[in-house]
Structures are given as C-alpha cells and as structure tokens.
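This report concerns only the one structure given below.
The values are calculated or read from the model by the stated rules, or taken from the named source; none is laboratory data. Just so it is clear, the model here is predicted, and its values are computed rather than measured. Reconstructed Cβ throughout: ideal geometry from the backbone, glycine too, with neighbour counts over all protein chains shown. Ligands, DNA and RNA are excluded from the accessible area calculation, which covers all protein heavy atoms including side chains. Shrake-Rupley method; radii C 1.70, N 1.55, O 1.52, S 1.80 Å.
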Amino acid sequence: GGGLSAFTTFGAVPVSGKNFYNLLAAGEVVLLFPGGVREAFKRKNEDYKLFWPSKPEFIRMAVRHGATIVPFAAVGAEDGIDIVADSDDIARLPFGLGDGAIRRSKAVPAARAVDTRVTEDGDAEELFVQPICVPKAPQRYYFKFGRPIETAGLHAEGFSKDEEKVRAMYGDVRREVEDGIDWLLRKRTEDPFGDTLTRGVWEAASGGKQAPTFNP
C-alpha cells in the first residue's frame with residue numbers, strides 16, 4: 001500500500017541488513033545505494049557528490065557471500081532540476097512548518113540504526129525531506145559500469161577480519177564510482193546529440209531511432 005506496490009512489482013524490498021543478507025544468500029542481484037537518503041535528497045550545490053559513510057558497511061556482507069561488486073555511475077538526472085529549497089531551508093520554515101517536516105522525517109524507518117556519517121564523519125544529518133525543485137529541460141542520461149571487484153573465496157581466507165583490507169576494498173569501490181561519474185561528465189561534452197531539442201528533432205526525423213552518442 002501507500003504507493004509501494006509499484007516498487008515491489010520491480011523487485012524492491014524494504015531496506016534492511018536482513019533483506020540484504022537474504023537476497024545475497026539466494027543468489028539475487030542487489031542494487032545498492034550506499035549514500036541512501038542523504039545522497040538522494042541532496043542540498044543545493046551538491047550535484048554528483050557522493051555521501052557514503054567512511055565505515056565500509058556493505059563489504060563484509062558481499063565477501064560473506066562471495067558476491068561480485070560492480071560499481072555503477074550515472075549522470076543526467078541531477079541536471080534536470082533546480083533545487084529551490086533543500087532540507088536545511090525547509091527546516092527553517094516558520095510557524096512550525098519546518099519543525100513538523102523534520103519530525104515527520106525522523107519517524108520514517110531508517111536503513112541505519114546509527115549513521116556514522118554524523119557520529120564519526122561530521123556530515124549533515126540524513127533527513128527524509130524531499131527538496132523543493134523546479135524542473136528543467138530533460139537531460140540525456142549516461143551510464144557506466146566500472147571494473148568488477150570479485151570477492152569469491154575471500155571469506156574462507158579471513159578477509160573480513162582484516163580491517164585494512166576491508167577499508168581498501170571499500171575505497172576501491174567508491175573511487176570506481178567517482179571516477180565513472182567524472183568520466184561521464186567529461187565524455188558527454190563530446191555527445192553530438194547531447195542537446196535535448198537537437199536529439200528530439202533527429203529522432204523524430206529518423207522514425208524514432210535512438211540518436212547516437214559519444215564514442216567511449
């Protein structure tokens with residue numbers, strides 16, 4: 001209910017460590033967003049920044065099940081909106097409106113019992129408060145899959161007990177995502193049909209054929 005059925009139809013499940021474990025144990029493919037709500041509901045001027053905790057949360061779980069970690073980068077969505085008011089602005093609204101929004105946000109079930117981004121990293125609190133946005137012309141989306149990171153056999157070798165190795169792998173995954181974002185932002189400037197209007201005209205004239213993009 002509550003609009004969630006549309007998500008569950010496509011395989012979405014409530015975010016929890018238990019569900020993450022069970023999905024990996026069943027051999028399912030899991031799409032994980034380590035930045036969570038903090039990364040989805042960004043503040044102003046935070047385009048394409050990652051807000052992952054410094055604590056390597058998902059690495060040990062992946063190693064436990066011998067999962068292959070595939071870093072994934074995407075750009076385009078954040079260019080399609082202008083944030084007029086972010087969660088900080090909304091929290092400052094008068095007449096109890098801001099306080100009410102924050103109170104409702106904190107009542108939403110959280111994926112993390114303790115957010116180390118706040119307790120250890122000095123980052124802003126994760127708030128389930130959707131920013132007020134103004135849409136812009138739809139932008140072309142670009143995607144890049146990074147170098148797969150294999151974990152098969154590492155659990156038997158005691159990999160998860162070595163904090164230095166765990167953090168190093170976590171850093172590798174994050175760098176792959178960040179490098180992928182940077183690469184896409186650079187390469188899309190070479191797209192001859194990056195402009196929405198030009199692309200739309202070309203695709204209409206070609207009978208709906210997708211316009212080509214830059215050469216990798």
**Message:** Would you confirm, using the coordinates I've provided, whether A6 is over 19 Å from the mean Cα position of the chain (by Cα) and part of a helix (DSSP H, G or I)?
**Reply:** yes
**Message:** Tell me yes or no: at least one residue of the stretch 143-158 is closer than 21 Å to D47 by Cβ, open to solvent by 30 Å² or more (accessible area, probe 1.4 Å) and modelled with pLDDT of 95 or more.
**Reply:** yes
**Prompt:** Could you list, in sequence order, the residues of the stretch 147-205 that are over 30 Å from I59 (Cβ atoms), part of a loop (DSSP other than H, G, I, E, B) and either touching a helix residue (DSSP H, G or I) at 6+ places or on another chain (Cβ under 7 Å) or polar (S, T, N, Q) (or both)?
**Reply:** F193, G194
**Prompt:** Scanning the stretch 68-80 for residues that are small (G, A, S) and open to solvent by 20 Å² or more (accessible area, probe 1.4 Å), which turns out nearest to L154 (Cα to Cα)?
**Reply:** A74
**Asked** Just one of the numbered conditions (1) over 17 Å from the mean Cα position of the chain (by Cα); (2) of a type in the set (A, V, I, L, M, F, W, C); (3) closer than 16 Å to Y170 by Cβ is not true of L50; which one?
**Response** (1)
**Message:** Where the second residue is surrounded by 16 or more Cβ atoms within 10 Å (Cβ to Cβ) and among the hydroxyl-bearing types (S, T, Y) and the first is in a helix (DSSP H, G or I) and lies in the stretch 72-90, which pairs have Cβ atoms under 8 Å and are six or more apart or on separate chains?
**Reply:** E78/Y48; S87/S105
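Results for (1) more than 30 Å from R188 (Cβ to Cβ); (2) surrounded by 15 or more Cβ atoms within 10 Å (Cβ to Cβ); (3) touching a Leu at 6+ places or on another chain (Cβ under 6 Å), shown as yes or no for each residue.
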{"site": "A6", "(1), (2), (3)": "no, no, no"}
{"site": "P56", "(1), (2), (3)": "yes, yes, no"}
{"site": "R60", "(1), (2), (3)": "yes, yes, no"}
{"site": "H65", "(1), (2), (3)": "yes, yes, yes"}
{"site": "D82", "(1), (2), (3)": "no, no, no"}
{"site": "D86", "(1), (2), (3)": "no, yes, no"}
**Complete:** Checked the stretch 18-49 for anything in contact (Cβ under 8 Å) with a residue 24 or more places away in the chain and within 18 Å of T116 (Cβ to Cβ); matches are F20, L32, P34, G36, V37, R38
